[in-house]
Amino acid sequence: MAMASAASAPAGAISVMGPKIEFIKIDETITLRRMVTGPASPKGTVLFLHGFPETVIVWKQIAETLGTEYEVHAFDWPGYGRSSRPLAPHFSYSPQAYAKLLKAYIETTGIDRSNLVIYASDIGGLPALLLALDEPTVARKIIVGDFAPFNRPQYMYESLQNLKAEPTATPTRSYMNKTSDEILQNVHRRGLAPEAQYELPPELQADMKDCWTGDGVTSADAFAFYYARFTRDEDYLEANLHRLKTPVKVIWGERDIYIKPEMGKEFAVRTGSQFDLLTGIGHFPHLQDPARTIEEVRAAFSD
């Protein structure tokens, strides 16, 4: 794959030969590694937002397929992949901070919002919705799934509950760093029946491992920083649901043990959004059944 700096390729450059990996500078603090591809005359633009502990490579197979019809963008969140990892005093890694970064990415690249679909999983879901509160025209549609829009610890995996506040947050973060190899090997398998378990593409597995640590911040650190302000930003979204005007679709893995489907059902009911429960699917639908993700994106452009 090509690797280029933002200076050597225009921010909006599109490769017709397959997904291109390059870097784009957002501000003096943040430079993002991104994946971008698409045809000369795309039908629209889709922006993929990954979760923990993923990197931009998680979207490669999907981008290769959709990139024949659509302009496809994805980037590593700060703290993940090869994107910047500023120390916490300089960047909070909170959902609100990610929302501001998402806005900056869309503005920097000049994406046409009127024909944009945002597909956000896990930690990407709340930032996309927080941005939509202030900017209802940020996208023609947002697809979200397997994330935590509300402060409902009873619907969350124990380790995720523990990250929300002290005294359990710091030891949980430490344990995640100590067991990074086990997390990367098994995070996508948990909760699935043996016949439903699957292997990650070797390229993705290697990228997540190689990119776990950088500039003194691990992916687990970034995840913990996110969770330190998670409840605040969940409460803000819930208090302002009446302002959410961007069309939203909610999809959820039936076998998701990290964030139970009840969380998605409540959000869908309260926002009047369509809710699809994916039978036999866990927390990572785009990995377990990428064809379904491709269908969801195409359907969003047909609405």
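The values are calculated or read from the model by the stated rules, or taken from the named source; none is laboratory data. Quick caveat, the model's predicted, so the values are computed rather than measured. Positions of Cβ are generated from backbone atoms using ideal geometry, with glycine treated the same way; all protein chains shown enter the neighbour counts. For the accessible areas, the whole protein counts, side chains as well, though only heavy atoms, and no ligand, DNA or RNA atoms are used. Shrake-Rupley method; radii C 1.70, N 1.55, O 1.52, S 1.80 Å.
Overview of values
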read-out: Residue of GLU69, GLU203, GLU254 that the Gaussian network model of the chain assigns the largest fluctuation, springs spanning Cα pairs under 10 Å; value: GLU203
read-out: Net charge contributed by nearby residues that have their C-beta within less than 11 Å of GLY282 (K/R +1, D/E -1); value: -1
read-out: Helical mean residue ellipticity (222 nm; -39500 (n - 2.57) per DSSP H run of 4+; nearest 500) of the chain; value: -10500 deg cm²/dmol
read-out: Rounded percent of accessible protein surface that carbon and sulfur make up, the chain, 1.4 Å probe; value: 51
read-out: For region 51-198: span of alpha carbons on each principal axis (Å, largest first); value: 43, 42, 30
read-out: Nearest-20 debye value, the chain charge dipole, Cβ charges on Lys, Arg, Asp, Glu; value: 420
read-out: Residues of the chain: accessible area per residue with a 1.4 Å probe, Å²; value: 40
read-out: 5 Å-binned pair-distance histogram of region 23-97 (Cα, whole percent); value: 3, 17, 23, 22, 16, 11, 6, 2, 0
read-out: log10 of Debye I(q)/I(0), alpha-carbon scatterers only, for region 165-273 at 0.11, 0.24 Å⁻¹; value: -0.52, -1.26
read-out: Residues ASP215 and SER174, FRET efficiency given R0 of 25 Å [Cβ-Cβ distance, rounded to 0.05]; value: 0.85
read-out: Loop-resident sites, region 227-290, for trypsin sites (Lys or Arg not before Pro), counting at most 13 other Cβ within 10 Å (DSSP); value: LYS245
read-out: Rh (Kirkwood; distinct C-alpha pairs) - the chain, Å; value: 19.1
read-out: Kirkwood Rh in Å, taken over all unlike Cα pairs in region 130-222; value: 16.2
